[in-house]
Amino acid sequence: MRSEQHAPQGGSWHGKGMLALARVVMIVVLLVPGLALAMKRVDPGDTPKVGPKQGLVLIAVDSSMPLSAVHVRKGGRLFGAGVLTRLPEGRTLRLYVADEGRYGWHKVNVFSGFGYGLEDDEEFQFEVKPGQITYAGDLIYRPLGFFRARIHVSNRGLAALDWLQAEHAALLEQYPFAYTGHYPDPFPAFYQRERAAADVKPPPYPEFTPPPEPGTLPLPPGELWRDERVSLIELSPSGELLALQTKEDGKDAWVLDLLDLAHDTSYRVARSDYPFQSVSWASDRTLLAALGRSSLPQWINVVTISEARDGRRTFERGEIPQAGRIVDVLAHDPNHILFASYGNRGEFMVHRVDVSSAATLKKFHPRMKDRLNAGTKDDVWWYADGQGALRVAIVRRDDEPVLMLAGPEGFTEIMRLRGDSGFSPMSLSYDGRTIYGLSDEGRAQQELVAFDIASRKVTETLFSKPGVDVVTPIYDRQRRPIGARYYLEGRLVSEYFERHEREFSGLLERSFPGRTVAVVERSTDGKQIVLWVDGSDQPATLYHLDVDKKRATLVEETMPWLAGRAFAPTVVVNSKGKDGLAIESYLTTPRGPGPHPLVVLAHGGPVGIKDTLHFERDVQFIASLGYAVLRVNFRGSGGYGKAFREAGYHNHGTLIEDDIDAALTRVLAEHPIDASRMCAIGFSYGGYSSLVSAVRWPDRYRCVVSTAGVSDRLLFFTASDGGRSKEGRAALEKVVGDPKTQEAQMIETSPLYRYRDLRVPVMLLHGDEDLRVDFEHARRLKRMLDMAGRPPVGRVFAGEGHGLGDKDHQHQMWRAIAGFLQQHLGATPATSAPVKAAAP
């Protein structure tokens, strides 16, 4: 489904013939009332006549701005349509009598003469059946710019029922309500039965009871969730200069500094109210800094740096006079780069740009006739070989990205970049003949491989480790893979191919015991290195290592305001699932004597995501309250090979949660944990897992927190971005299951339908613009718990999606979690000294 619309469709008639036809249509409509509108509106209080081949249809539109009109058509015909006009901002619902048959959302008119056509997309079509109230979901409109909008359909059946109950209660009593979509939704019928039998009938839109306020917080969210100080770092090819972007303390401003490692001096190159998205070196004397949003063309600032004279350097600043992106810095040519931008009609253009001075930058004027990718069509990106020749393009074919090889006679297809292809291309070799990438196709784990373009097949496995998924290759400056990174027992490991590199890497790891150590930057000669060092109880720190001098110097701490604080340590816990599958978990325990209350913190996903032993703010925040934290890499988690990952398929609410409980049983047997004081918390899938675990093991937990969590497994297919295309639905069915054949099992493993068994206190936290897990999940579960007389506490975060972007909302969420835990697990002694001048 085209959930994001780009091309505006004119809403006015053009040409004399069309104008004449419009007059005829208007006369016919006037003379024959109802002919153009086979959908007849039903106002509140009306008792409509519904024929044997007719039904009622509820049309719902949710828009963040006023709309001129929304059109619905039957079978694509001009006649037999309905139109909603003058829609205000917010949610508009209207009920119609309609003939049975196939209908579709036809067009959204933003204002007269401008709108978005939907008629060609089958995802906007629905079936009206006789003798029932048909609901096809809410049509949701969100503008993303003047000529761009996100338009999609989401099932918000409970909100629709609430409106019908308020406006058309008699009709709702007379006719069954049914959602029509790609998958069934049994909840409306379930809810109506439960509501009829319930002693408590809550009002349609009750506010959440707010969570309790926490006591004193040893580690306030305002301190812990500050932006990291360092966001970009790049070492020049010679290793003399280090570009570093940092955030100014207490300000929404970012600075770009140059550290002269050879002369131990620093220079301020730029300051901006917005962060640079990337920095890169075109040569030792030319630094490129891209400013702008990551999803849009960016402005490339160019800094030309002089040779050092008496230990000092001077700078010349310029800018490419066209927004775009850097394709390649051309390491062999210090004065030029490959630069991509768009023509007046949206054509993709790649040019060679002289970046040697501000004067040459001003002379650059991108023209279609000068582009290096002339003769191409539908290309969206290019990869160049080591000499700067464009060799491989990403081209759109049938709404699918395809890798194409450029040749003298045109394009030839290399591969289609489908999500299920098993091969993920990472880079192009220096000679342009090989694509390096990661693949688990026909393999037991994700491995680093070389794909030969000429033969169209993988010809070499560069790195493989049984039962371990490679995360990323490690390259030298000639684009050759020299190693691979993967996770082992929670830590990121860098393994090199050459013996001397392996010995050097081992020396680094021994120098920082118990830490993750990664070489993130390296000079061409390998003598100047930037190290990234972190641990589960230590925020990341950057060091400059001079190999010849055997000296490591602190460059910057990513979270310097937390320096000196003693964080809670983490240990690895090994257990086995019911079927003997090995499960790895991480237990973080507050400092001080136990037994400690415990929070089980399940990760999201669930497939392909994993917990690690990097520094995690949420873990340390919970531990600072005096609670131990258990994180389980249950079946389905990434990093442990294909079989382990696929073992999570179709096991939501069953074997995945069995793995969590097995790890918990092991922890209770071997560690100082208070089994009488435990709570389950999770985000996204983790929220679902926490809810279903409390249903399955009601005596285990005192409370549950679900943030953006799934409550209804069936609803996830009709109210999620994953279910809005044929390909997305196929992927969901592969991993989660098929509601058409597994409806009973999904109902059994949905906390919503097991609400009577969910007897512990519950807190729900959810954004009202969540595209992945619609707010309808929280709305439904809250309603059922309200009816059961056990209303949850919670918060709704306005304007937030599947994750909180607003800092104030983040702080509110974690304060709410702290207050809820303190209420149900008890307050515990502070585990570390409070932060000075702490912000709430």
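The values are calculated or read from the model by the stated rules, or taken from the named source; none is laboratory data. These figures come from a predicted structure and were not determined experimentally. Here Cβ is always computed from backbone atoms with ideal geometry, including for glycine, and neighbour counts include all displayed protein chains. What goes into the accessible areas is simple: the full protein's heavy atoms, side chains included, and nothing from ligands, DNA or RNA. Shrake-Rupley method; radii C 1.70, N 1.55, O 1.52, S 1.80 Å.
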So what's region 395-467 giving for Rg/Rh, alpha carbon basis, Kirkwood Rh from the mean inverse pair distance?
-> 0.99
Can you tell me which of 671-678, 508-515, 332-339, 713-720 comes out highest on packing, and rank the rest after it, using the mean Cβ neighbours within 10 Å?
-> 713-720, 332-339, 671-678, 508-515
With Cβ to Cβ distances under 13 Å as the rule, what net charge do the other residues near residue 694 carry (K, R +1; D, E -1)?
-> +3
Which values of log₁₀ I(q)/I(0), to two decimal places, follow from the Debye formula for region 691-826 at q = 0.10, 0.15, 0.19 Å⁻¹ with a uniform point scatterer at every Cα?
-> -0.35, -0.77, -1.14
To the nearest Å, what is the center-to-center distance of region 642-689 and region 519-573, using C-alpha atoms only?
-> 32
The orientation-averaged projected area of the Cα convex hull of region 40-142, in nm², is 6.4
Of all C-alpha pairs within region 556-615, those more than 15 angstrom apart amount in percent to 68
What are the lysines whose alpha-carbon lies under 29 Å from the alpha-carbon of residue 40, with same-chain residues fewer than 8 places away excluded?
-> 49, 53, 74, 107, 129
What is the ratio of the Cα radius of gyration of the chain to 2.2 N^0.38 Å, where N is its residue count, to two decimals?
-> 1.05
Which distance in nm do the two modelled labels at residue 380 and residue 485 give, with both placed 7 Å along the Cα-to-Cβ direction?
-> 2.6
If we count every other residue with Cβ under 11 angstrom of residue 395's Cβ, Lys/Arg +1 and Asp/Glu -1, where does the sum land?
-> -1
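Do the sum for the chain: with -39,500 (n - 2.57) for every DSSP H run of n ≥ 4, divided by all residues, what is the mean residue ellipticity at 222 nm, to the nearest 500 deg cm²/dmol? All intermediate terms of the calculation are to be shown ahead of the outcome.
On the way: 16 runs with 162 residues, N = 840.
Rounded to the nearest 500, it is -5500 deg cm²/dmol.
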Which number gives the lysine pairs in region 542-692 that have C-alpha atoms under 27 Å apart and are eight or more places apart or on different chains?
-> 5
Could you name the lysines in cross-link range of residue 201, using Cα to Cα under 19 Å and dropping any fewer than eight places away on the same chain?
-> 782
Starting with the highest mean, order 439-446, 596-603 by the number of other Cβ atoms within 10 Å, averaged over the residues of each peptide.
-> 596-603, 439-446
State the percentage of accessible surface on the chain attributable to carbon and sulfur atoms; use a 1.4 Å probe and exclude ligands, DNA and RNA.
-> 51
If we sort 105-114, 496-505, 772-781 on the protection proxy, mean other Cβ atoms within 10 Å, highest first, what's the order?
-> 772-781, 105-114, 496-505
How much accessible surface area, in Å² rounded to 10, belongs to the heavy atoms of residue 278 with a 1.4 Å probe?
-> 50
Whole-number accessible area per residue in Å² for the chain, which is evaluated in the context of all protein chains at 1.4 Å = 44
Any lysines with Cα under 22 Å of the residue 251 Cα? List them, leaving off those in the same chain fewer than 8 positions away.
-> 807, 836
In Å, what Rg and Dmax follow from the Cα atoms of region 678-755?
-> 13.2, 42
Mind jotting down the distance between the C-alpha centroids of region 246-294 and region 356-409, whole Å?
-> 28
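Just need the Rg to Rh number for region 437-547, please, alpha carbons only, Kirkwood Rh.
Working: Rg = 15.2 Å, Rh = 15.2 Å.
On the Cα set of region 437-547, Rg over Rh gives 1.00.
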Expected field for residue 793, accessible surface area in Å² at 1.4 Å probe radius, rounded to 10, holds 30
